[in-house]
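The structure appears right after this line, and notes come after that.
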Amino acid sequence: MASMMAVSGPIYRKWVLTPFLGVVALVAGCSTSLPKIEPEKLPEAPAQFKENWAIASPAVAQERGEWWKAFNDPVLDELVARAERANTSIQVAAARLAQARAVARITDADRALQVSAGASARRAQGLIGGNPPGPPNNLFAAGVDLSYELDLFGRLSHASQAAVLDAQSREGLLQSTRLLIQAQVAQTYLALRALDTERLIVSDTLAAYRETLALTERRWRAGDVAELEVARSATEVAATESEALALERRRAELEHALAVLTGEAPSGFSLPAAEWNTALPEIPAGVPSTVLTRRPDVSAAQYGMLAAQTRVGVAKAAYFPNIALTASGGYASTDLSDLFQWSSRAWLIGAVASLPILDGGRRKAGVQAAGAELDAAVATYRDQVLVAFKDVEDQLSALRLLAEQAEAQARAVSSARRTTALSGARYRAGYVSQLELLDAQRSELRNRREALQVRSARYQSTVALVRALGGGWN
């Protein structure tokens, strides 16, 4: 310890610290610069969508609103609330965000002053501190060590910034997961309600087929019709019963899917059948100019690209020296009773710089790897933006065409119902064959179910558009 104190005196400061600070001043003007992202690598945003809706730049911080409440369905509201509380995918994404934020704090801690306290007790014999061998000696020490790395070339600041961008990307992924689960709950619930309505249609048709079968059997027993017509009616009844069972199976699957989305076991989850009174929201034109900006997966890809860009600066900083200021102070003594005496005080101050000269190409490869990661992140961001444009275009055109299709299908249902009514009256009067009545009933069933499918598709596309826009429009 005595020799250590001799080295840290004025001579050390003159011949070591002065040249060192000169080197620092010489290289301080050098700094790492981040690579530019070439505009031609990014997707060109159209002035408007084909459906005449404007767009804007991503902005993850904007509110998305409780968009599902526009459907005015209390059951849907409750299901979404239960999913947000207990859905496992949301919980995993939230944990990943918390982890990323903790990593950002850990990375940023490297830029702060590092202080540690310690104490030691040693007993040794032999050459110690340049003194000749002698009897065993004790050495007790207690003190505080301080160190601070000078971030002259941006290595630490770039690493900290990249970690913050990673956390922001994770925040976007959490929002994207939450929006995905909300949309899946809404779409599954709406599909289940459409299925309940379809079951009612099939049930009504089955009752009509059974009535036709009973009438045909009476006429067969009276000798008015052949047994072939009875067989035809029985076939329609059996086939429709099979369709009803298939719908029951499909409903059970949708109910089980809702249970998983809400974080519950399917065995303990049930949703009674009910009339489908869910409102179909009207989405006003021009909404994407304010809401496409909040699409969370696009924002996550954007932050990921910026983080990769910043890490290129971290890799480039490896070509510059690491410079750290160190200091320590405390007490050292060969006698424990004299350890905290003023005469036992000791201190040390210094600076350390390190720079690899030959590293087998490690730093060059590091810069190349960071550059390749940036290229991949730019491509990912471009792809995500293009997919976002496509999703919005798909749903806008789908909603427009489905509205027209619903009007045409409503006319078809009206005509099919009139045809069935006329055929039934003529069959009971004996003017037409049973085959004509069955054809009319099958046509009505098909058109009613197709009308229901169009209605269901409009609800599904509305939810899909909400997801494509990144949330609600209010």
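In segment 404-418 there is no residue matching the filter, namely being surrounded by 14 or more Cβ atoms within 10 Å (Cβ to Cβ), under 30 Å from Pro35 (Cβ atoms), polar (S, T, N, Q) and out of contact with any Gly (no Cβ under 7 Å at 6 or more places or on another chain).
From the set of residues in segment 60-91 that are part of a helix (DSSP H, G or I) and in contact with a Ser or Thr (Cβ under 8 Å, 6 or more places away or on another chain), which is farthest from His256 (Cα to Cα)?
Residues of segment 60-91 part of a helix (DSSP H, G or I): 67-71, 74-86, 88-91.
Adding the requirement that they be in contact with a Ser or Thr (Cβ under 8 Å, 6 or more places away or on another chain) leaves 71, 76, 79, 82-83, 86, 89-90.
Details: Phe71: 22, Leu76: 16, Leu79: 13, Arg82: 15, Ala83: 14, Ala86: 15, Ser89: 16, Ile90: 18 Å.
The residue in question is Phe71.
Mind listing whichever residues of segment 197-228 are assigned to a helix (DSSP H, G or I) and acidic (Asp, Glu)? Break it down stepwise before answering.
Here is the first cut: in segment 197-228, the ones assigned to a helix (DSSP H, G or I) are 197-221, 227-228.
Residues satisfying the conditions are Glu198, Asp204, Glu211, Glu217, Glu227.
Considering segment 447-474, and only residues there that are crowded, with 22+ Cβ neighbours inside 10 Å and not in a helix (DSSP H, G or I), the residue that is farthest from the chain's Cα centre (by Cα) turns out to be Gly471. With respect to (1) in contact with a strand residue (DSSP E or B) (Cβ under 9 Å, 6 or more places away or on another chain); (2) aliphatic (A, V, I, L, M); (3) outside any loop (DSSP other than H, G, I, E, B), the lone exception for Ala162 is condition (1).
For segment 217-239, the set of residues classified as in contact with a helix residue (DSSP H, G or I) (Cβ under 7 Å, 6 or more places away or on another chain) and at pLDDT 90 or above consists of Ala234, Val237, listed by residue number.
Across segment 350-360, not a single residue is classified as at negative phi, surrounded by 12 or more Cβ atoms within 10 Å (Cβ to Cβ), assigned to a helix (DSSP H, G or I) and out of contact with any helix residue (DSSP H, G or I) (no Cβ under 6 Å at 6 or more places or on another chain). Somewhere in segment 379-398, is a residue assigned to a helix (DSSP H, G or I), under 30 Å from Thr212 (Cα atoms), among the basic types (Lys, Arg) and modelled with pLDDT of 85 or more? No, because not a single residue in segment 379-398 is assigned to a helix (DSSP H, G or I), under 30 Å from Thr212 (Cα atoms), among the basic types (Lys, Arg) and modelled with pLDDT of 85 or more.
For segment 421-430, indicate whether the set of residues that are surrounded by 15 or more Cβ atoms within 10 Å (Cβ to Cβ) and out of contact with any Leu (no Cβ under 9 Å at 6 or more places or on another chain) is non-empty. Scanning segment 421-430, I find no residue that is surrounded by 15 or more Cβ atoms within 10 Å (Cβ to Cβ) and out of contact with any Leu (no Cβ under 9 Å at 6 or more places or on another chain), so the answer is no.
In segment 405-417 there is at least one residue matching the filter, namely being part of a helix (DSSP H, G or I) and within 37 Å of the chain's Cα centre (by Cα). Of all residues in segment 209-235, those satisfying the criterion of being within 17 Å of Val432 (Cα to Cα) and either within 50 Å of the chain's Cα centre (by Cα) or basic (Lys, Arg) (or both) are Tyr209, Arg218, Arg219, Arg232. Might you check whether a residue that is free of Cβ contacts under 8 Å to residues at least 60 places away in the same chain and either part of a strand (DSSP E or B) or on the phi > 0 side of the Ramachandran plot (or both) occurs anywhere in segment 328-336? No; the residues of segment 328-336 include none that is free of Cβ contacts under 8 Å to residues at least 60 places away in the same chain and either part of a strand (DSSP E or B) or on the phi > 0 side of the Ramachandran plot (or both). Kindly evaluate Ser299 against the criterion of being crowded, with 19+ Cβ neighbours inside 10 Å and either assigned to a helix (DSSP H, G or I) or modelled with pLDDT under 90 (or both). Here the answer is yes, as Ser299 does meet what is asked.
The values are calculated or read from the model by the stated rules, or taken from the named source; none is laboratory data. Computed from a prediction, not measured in an experiment: that's the story for all the values here. Here the Cβ is made from the backbone with ideal geometry for all residues, glycine too, and neighbour counts use every protein chain on show.
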